[in-house]
Structures are given as C-alpha cells and as structure tokens.
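Here the structure comes first, spelled out in structure tokens, and everything after it is commentary.
The values are calculated or read from the model by the stated rules, or taken from the named source; none is laboratory data. Please read all numbers here as calculations on a predicted model, not as lab measurements. Positions of Cβ are backbone-derived with ideal geometry, glycine not excepted, and every protein chain shown enters the neighbour counts. When the accessible area is computed, the model is the full protein with side chains, heavy atoms only, and any ligands, DNA or RNA have been set aside. Shrake-Rupley method; radii C 1.70, N 1.55, O 1.52, S 1.80 Å.
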Amino acid sequence: MMSKKRNIIALTIFLLVALATITANLWLPVSPAAIDANQRLLAPSGTHWFGTDDFGRDIFARVIVAARVSLAVGVIVAVVATVIGTLLGLVSGYFRKTDFILMRIVDGFLAFPALLLALALVAALGGSITNIVIALTIAFFPVMARVVRSAVLQIKNAQYIEAARTTGTNNVVIIFRYILPNVLSPIIVQSTFIFAKAILAEAALSFLGVGVNPSTPTWGNMLQESQIYITIAPWFSIFPGIAIVITVLSLNILGDGLRDAFDPHSVKKKRKRKPKQTAPAA
Amino acid sequence: MLSYTIRRLLSVIPVMLVVSIIVFLLVHLTPGNPAFIILGEDASPEAIAQLEKQLGLNEPLYIQFFDWIKQVMTGDLGTSVYSAQPVTELIFGNFGPTISLMVLSLLFILVISIPLAILIVSLRKTILDPLFTNASLLGVSIPEFWLAILLVLVFGVTFPIFPVAGYMPLAEGFGPWIYHLLLPAFVLALVEIGIIARMLRDSMLDSVNQDYTKTARAKGVRERDVLMKHVFSNALIPTTTVLGATVAGLLGGTVIIETLFTIPGIGQLLIDSIHRRDYPVIQGVVLFIAAIYVLVNLIVDLLYAFLDPRIRYD
Amino acid sequence: MLEVNNLHVHLDTPAGLVKAVDGVSFRLEAGQTIGIVGESGSGKSVLAHSLTKLNPEPPATYPKGEILFEGENILTMDKKRLRNLRGKEIAMIFQDPMSSLNPVFRIGRQLMEAIQTHQKLPKKEARQKAIELLIDVGIPDPERRMQDYPHQFSGGMRQRVLIAIALAARPKLLIADEPTTALDVTIQAQIIELLKSIQKKYGTSIIMITHDLGVVANLADRILVMYAGKIVESGSTADIFYDTAMPYTWSLLRSIPRLDAGASERLLHIEGHPPNLIHPPKGCNFHPRCPFARDACLQTDPPLAERGTNHMAACILTKPEFDKEKRAVAERKGVLLS
C-alpha cells in the first residue's frame, strides 16, 4: 500500500542522512571549516553545491557535518527521556500508591510549554551540548511518562497479569516480563516523535543564541548566522532549513507509520467494516 | 459537573506547587554562586555579599523557597537586576504585544482549520485527503523560525507587502496594529493549523462511521446536515483536548516569533533577560507563562466537560 | 410492496472481494412481517442495509439485481429521492441502542429531527408529535425525558426511543437489524411485544433481521434463512419450524434455548465457522459443517428448489432422505440417554 512505501522512503532518507554525516570525513571534498575570505557568500554552483557562508566556508559540507550534533542530541534525548519516562510510567501505572505523587510531579513539568522549559533550563545551566541534552530530556520525559502510564493502566487488569499476580510472581518480574513488552508499541512511537521534536528544539535553542556554542556547526547555529544575510544570500538560510525539514519529516512519517502499524484499535475497526473476515472453513 | 469542576479546580494547587518549585530551583541550577554570575567575574566582594543578602542566598534552601513563595503570593516577583524595575511591572508592560499575537494566531487557527477539516472530510474520497495528511505532517516538521525567515523573505523583501519587524500598540489604531501583527501571527498559527485540522479530520472520520451517523442517514437527513450537525458536534469534543497543547505551542512559539520580528512581548523580554542573566525576570516570566498555561488547560478541561453531556450531567 | 430480485452486494476489502449478498430474491407484501435469519457473517445485515442503500460505499457495490419498492428501483434512485424514501417510506432500527443515538444531542432534538425532515411542521407541533411518539413506544414521563441525553436512558429505553424515531414519519416498512441482540432477555421480549403492537396498530410491514430463530417465531409470517450470502431456505414460519428442509435451518433450530427442554438435552451450537466468502468452499457452501454431507455436496451447489407451497430450500437431500437422517440422530441420542 501507499503508506507502506512512504514509510520505507522515510526510513531510507533518514538512514542516508545519518550515514552521510557519520562518514562525512571520508568523502567530503572540502573541509567544513576551511575559511576563504575571497569566497564569501557565493551562490550555489558546481564547486559549492549549496553556496558559501559569510566566512567563505562550503555550506554543503557544513550542513552535512552539522547533522552530527543535531542527530546526536536527538538520539540521546530520545533514549534518555524514553528510559526515564518509561520507568516513571511503569511505576506510576502499576503501583497505585506512588501514582498520585509521581503524576503530580509530571503534571508540574507538563505545565510548561516544552520549548520554554528547555530554554529556562539552558539559561540556568549554560549552553553546552550536555546541558542542552539535559534540558531537552527534562522537557520531553513527562509526555513519555504519561503515555506509558495510561498504556499500563489499560492492560494492568488483563487476565494474564492477574494470573501472574495471584501465583505470587514478584512485582518487578511482572512489570518487566509481562507489562513492558505489551506497552512497547506506544513507547516506540512516542520516542520517534521525541527524537523529531528534540531536533527541532535544539535548532530553536541554537537559533535563539542560547544553544550549542556558535562555533560548532549545527543547523540552528547556521540559521542564526545566516539570518542577517537573508536578503543577499538566501541560500545560506534555505539549505540548513531544508536539512532540518527532511530529517524531522522522515522521523515524523516513521512515527506516524509505526502508530498505524501498531494500533490495534484501527485494525479492529477495519475488521469490523468487512464483516466477512472470519476464519476460513475448517 | 459541579463536583467535576471542583475537583478540577483543586488539581491546580499541586500542579502550581510543583511549578513554583521548579521555577525556584532554576536559579540554584546555575553552576557556582548566582550572585557571582549576576554581577560578573570582577564584581567586588562587598557587592556580592550585598546581593547575596538581597536574594537571601545565605539561608537554607527551604527557607529561601518559603520566603520566595510568600513574596510571589503577594504578587511580588522581585526586581530586575538589570533595570531595577519590579518584575511584575516588566511582565505586564510587555504582555500586550504577546497577548495580541496569541489571540490573532488563535483566530487564524480556528478560522482556517475548522473549514479545512470539514472540506477534507466531505471530499474524503478524493486525492485531497492523503495530500492533506502529508501536508500536516510536513507542517509539524518545519522549524517555526525558518518558516518565518522564508516568509519575511517573500512578503517583506521580494514582495514588500507586510512590515518585517516592529509592533504598534492597539492604542495607535486598529489598522497599524493588525498590519504589523498579520505576518508573525500567521507564522505562529501555521504549524498549529495543521495539528488542529488533522485532529478534527481524524475525529470526524471516526464519527462518520459511528452508528448514530447511520441512524441520522436512515432518517433521511441530508448528507450535509449529517456532517455539519451530527459528525461535527461529536468530533469537536476530542478536538478541544488538543487546544491546550496548541496554546502551549503558541506560548513557546511567541518567544521565537517575537525575537524574529522584534516584537516587544514577554518572549523577547525572556530572551533578553537570559542574555543579561537577569534571573528574577527569567523566573518571573517562566512562572507567569506556566500559570497562563495551567489556566488555559483548566478552561479547556471545563469546556470539554461542558461540550460532552456525558460529563456535564454526571 | 417490496421485491428484491437477484440482488448482489459486494464489499471491496483490502483482503479481497467479499460477495456479502450473492443473488438474493424475495417479496414482501404490505402488512407482512418477514424474518431474515442467519449467523453473524451470513450477509443478512448487509442485505438489510442494502434496502435503503445504507452500506458505506466504498467498500460496498451493487453489481447486479434490483430492489423494487412499490415498483421503483432503490438502487438507481437519485440522492434526493433516496433521502425522501429513508425514514419516510422505509425506516430502520439498529442492533446497538447504546451507540445508535447521538450522544451529544437531547432525545427530543433527535426525535424532532426525524419528524421535521419529512414534514414541514412548526416547532411546537413537532414537539407535540414527538411526545406522542414517546408515549406510543411506552416511555414514561415523555415531556421531561425529551430534555434528557441518551446516556441517561437504559438500553431498553434507548431502543424504544430509536423505534419512536423510526416511526416518526409513519413508514410503510420498518427494517429492524438485530434490535434485541444487545439487550437483556426480559427487555428483548418487551421490545418484540412493542414491535408486534405497532404492526397491529399501524399495519406497518416489518423485516426483522436476527440470528435467533426464537425471536421471529411468533412475530414473522415468513422466514428467510441466509447462509454465506445466499438464501438457503424460505417458507412460512410453520414450514421452517415443522417442515425443515435444509440441514442448516435444522441446526439453527436445535441451537434455540427451549424452556421445555429436559435437563439432559444439551443446547447445541453449530460446529465450525461460517465460510470465508473471499474464497468460498467448492460445492454447497454449508457442506464443511453439514452433519449429513455426502460426496455429491462437494460437487454441486444446489439451487433453491420448491418444497411445497411457497416453501423453498437449497439442498440435494430429498424429504425422505432428510427425515431418515433426522431420525437417525434422534435414535443416537436415545441410545446415549438410556
């Protein structure tokens, strides 16, 4: 089906971006850091595919290398926020007693718009890559905790879990052996979306000048630098932006596709609409 | 409904408590002595001692927290280290542009996304629907600030229709006010339009297949009325739940948009204060925005309950 | 009044083309009640929805056949005429009273909508009429209950409201798609009684769709038994119950819970599943589950054939052969019991 093809294209694009930036040193013809005062703000050409920036550096090389920081921040934030959020969600959903306290704390974090919380935290911690990862993790884990908790609540009273409980199975074993595997799909979907959002947020923080050190090439930093040249060198702004859009879009498509693939609700609904879908005659 | 309202109102208390703890702790997350950071590396020890005393930094943390909370409760958010103005004054002085921007954005969102979703649903058997689904995904994948830069390039530079920076207060007249706000408000709205329209479309498509829709058709009600009355009124309920998230997106977005279009709102105040390390103002603005967001979520939840008779009459 | 000729309804699903209704023909006279009986997945519900073209399109298509209502083909009607037919000439009530009423509108509004769609009435008169309808279907305190929302009614009461909505424009034909399935047994009986009294009072024709032969036993004049999209037996209610000519009908009869059954007589259910209609079995559709199937059943799909006056069945077994099989079963049971 069409949507399946769309998912494969999205995955391919994302992997290509990741591969390109990881192996960049091996194949980039020009160094992303090579400054040339005679080559400032050149329009895209055969030698400089995406043109050059205000220091005469090759924008294509910089866009490729910049993906490292953006993707690294995205991956780490997605993984750490997922682990913390999942643990909190599991505990909160499974143990009634801790639920109230934990969820009030999570609600407190959720009371800030995510970007604003990250901004305030980076302002306090200082703008290093580590601090940005910490700030974005704090901004995004509460959503994960909420998602996991509601998934746990839905299956908590399923018969196989009741059965495990009545046979005296250890709670930790129940949580990790019986519950976690059954709430994995919303976790995977949500972590894909966090990945996408973290890339956008990192770019926004860098753009606002509170993110990664301006000398490090990141997509956000490039857009921040390019802003004043928008009228004379629009390519300087356009290409880093396109890089963000392509990467984030492929992640969002993947997340959307995973959600459709996992969602038992939508499958059931489809079944209902074709009433003849019963098992073949024995 | 009454008990629901009371319960919902009470739930604001623990949330605001956690919020204020987080905001309070912000200053204490800074590496090193906050007074040092505020005054700079080469401040005199006397000045630092003076500021420490002023900020109460010598007291134990919980005492500092209770002192701060007591202050906040009386409406005192401290004074700016940079301008020596009360923080509340700064916030209210800068709030006009922000609220103007947000209200106009919200208006854009509602006026565009609702008809869009209805159109998509009524033409669901055409190419328009997959086109729209992909477009809404594209919408949430575009960085707001980049889109703003591009629109400035198109509508401010190539075709100079709109001003690309600045703000006119409403007091200067409706025309100049809205003229300066149209472009930033539209940029701010664009991403959220995709989200709301998608949510409304999904809910409407869900509702289209419900039994009550079949009942309406079996009555002989015309398809247009089935869609506009039965389907739409049901789809509106789940859609209101994302309105809170929309406002969060707008609140976060104003910071970027105000900086880009040099609109003197609280977003720009926040960014300026971050660059100046003016912590009382940072704390004040963050607390203020969180409080607005909590309030908006409260209103949204009550609206949800009001729209759904199953909760309203319970 | 209603004449269905060689109706085919296909559902175009991702898994393949489902022939949900596969060449069904029947007639309904004014004032008559027909029961259409079959398991879930037999196509009876798709058939019922076809009668007012309520199947969602896609996936549904109507490749062959016609549905004549008072001489007019419903399948080729324009939208406007079809809207005028729905509710006014042919009304329908559905299986699940819980989800068939719009949860965000008051009952009064939903009832008045049904009235005003087909009659230009001022609001006040429409309201009066709505109240009368609620009285008619046995809802106490109707004036107050007009202001209530669906969730404030019990399941049985909701089904009464839906019947009131269906009766709003005094339709000539009422199609009831499993109207009692979602309800408690005692409530089921009340709804059946209500339908009966309506029929008596207004002379409305009724098509009753059900999986339970017991439900139509004392309501229907005629019964159509459906299996795998086809009618496999049709006849008067007496024919179906006392002169059964098709093993599937016989199996259905044996699955009815009976109050007079002895404790030792176990309730039977039919083994196996209804066939996959994307790849139907060769020969007779029922042979994989038929207790009396023989080799010939794998080869030929028997057409509906006359078994008596207005009694048709699709089975290769002749009456004596079938009776012999039935006797054998009874004897076997006797052996088991002694």
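At-a-glance table
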read-out: Among the residues listed as B:162, B:155, the single one being part of a helix (DSSP H, G or I) and either more than 20 Å from residue A:239 (Cβ to Cβ) or not β-branched (Val, Ile, Thr) (or both); value: B:155
read-out: The one condition in (1) under 29 Å from residue C:63 (Cα atoms); (2) buried (at least 19 other Cβ atoms within 10 Å of the Cβ) that residue C:82 fails to fulfil; value: (2)
read-out: Counted residues, the stretch B:129-166 - those being more than 27 Å from residue A:227 (Cα to Cα) and open to solvent by less than 60 Å² (accessible area, probe 1.4 Å); value: 5
read-out: Filter result for the condition that a residue is more than 30 Å from residue C:244 (Cβ to Cβ) and surrounded by 17 or more Cβ atoms within 10 Å (Cβ to Cβ), over C:219, C:134; value: C:134
read-out: Top-ranked residue of the stretch C:153-168 - restricted to ones that are of a type in the set (Gly, Ala, Ser) and within 11 Å of residue C:130 (Cβ to Cβ), ranked as nearest to the other protein chains (Cβ to nearest Cβ); value: C:168
read-out: Within the stretch C:31-76, tally of residues that are in a loop (DSSP other than H, G, I, E, B), within 23 Å of residue C:114 (Cα to Cα), open to solvent by 10 Å² or more (accessible area, probe 1.4 Å) and touching a residue at least 12 places away in the same chain (Cβ under 8 Å); value: 5
read-out: Residue match in the stretch B:95-106 (condition: more than 21 Å from the chain's Cα centre (by Cα), surrounded by fewer than 17 Cβ atoms within 10 Å (Cβ to Cβ) and under 30 Å from residue B:189 (Cβ atoms)); value: no
read-out: Filter result for the condition that a residue is more than 9 Å from every other protein chain (Cβ to nearest Cβ), open to solvent by less than 10 Å² (accessible area, probe 1.4 Å) and assigned to a loop (DSSP other than H, G, I, E, B), over A:56, A:74, A:89; value: A:56
read-out: Test: residue in the stretch C:173-186 that is farther than 21 Å from residue B:214 by Cβ, open to solvent by 10 Å² or more (accessible area, probe 1.4 Å) and touching a residue at least 24 places away in the same chain (Cβ under 8 Å); value: yes
read-out: Residue ID - nearest to the chain's Cα centre (by Cα), chosen from residues in the stretch B:67-82 that are open to solvent by 50 Å² or more (accessible area, probe 1.4 Å) and not acidic (Asp, Glu); value: B:73
read-out: Candidates B:301, B:308, B:272, B:278, filtered to the one that is touching a Ser or Thr at 6+ places or on another chain (Cβ under 6 Å) and of a type in the set (D, E, K, R); value: B:278
read-out: Test for residue C:293: is it small (Gly, Ala, Ser), open to solvent by less than 60 Å² (accessible area, probe 1.4 Å) and modelled with pLDDT of 80 or more; value: no
read-out: Members of the stretch A:136-168 that are farther than 18 Å from residue A:196 by Cα, in contact (Cβ under 8 Å) with a residue 40 or more places away in the chain and not hydroxyl-bearing (Ser, Thr, Tyr); value: A:146, A:148, A:149, A:151, A:152, A:153, A:156
read-out: Contacts under 6 angstrom Cβ, first residue in the stretch A:207-222 being of a type in the set (S, T, N, Q), partner surrounded by fewer than 22 Cβ atoms within 10 Å (Cβ to Cβ), 6 or more apart; value: A:221/A:214
read-out: Residues that are more than 10 Å from chain A (Cβ to nearest Cβ) and under 30 Å from residue C:102 (Cβ atoms), drawn from the stretch B:245-270; value: B:246
read-out: Residue tally, condition touching a Ser or Thr at 6+ places or on another chain (Cβ under 9 Å), small (Gly, Ala, Ser) and in contact (Cβ under 8 Å) with a residue 40 or more places away in the chain, over the stretch A:169-206; value: 4
read-out: Members of the stretch B:52-66 found to be over 16 Å from residue B:35 (Cβ atoms) and open to solvent by 40 Å² or more (accessible area, probe 1.4 Å), listed by number; value: B:60, B:62, B:63, B:66
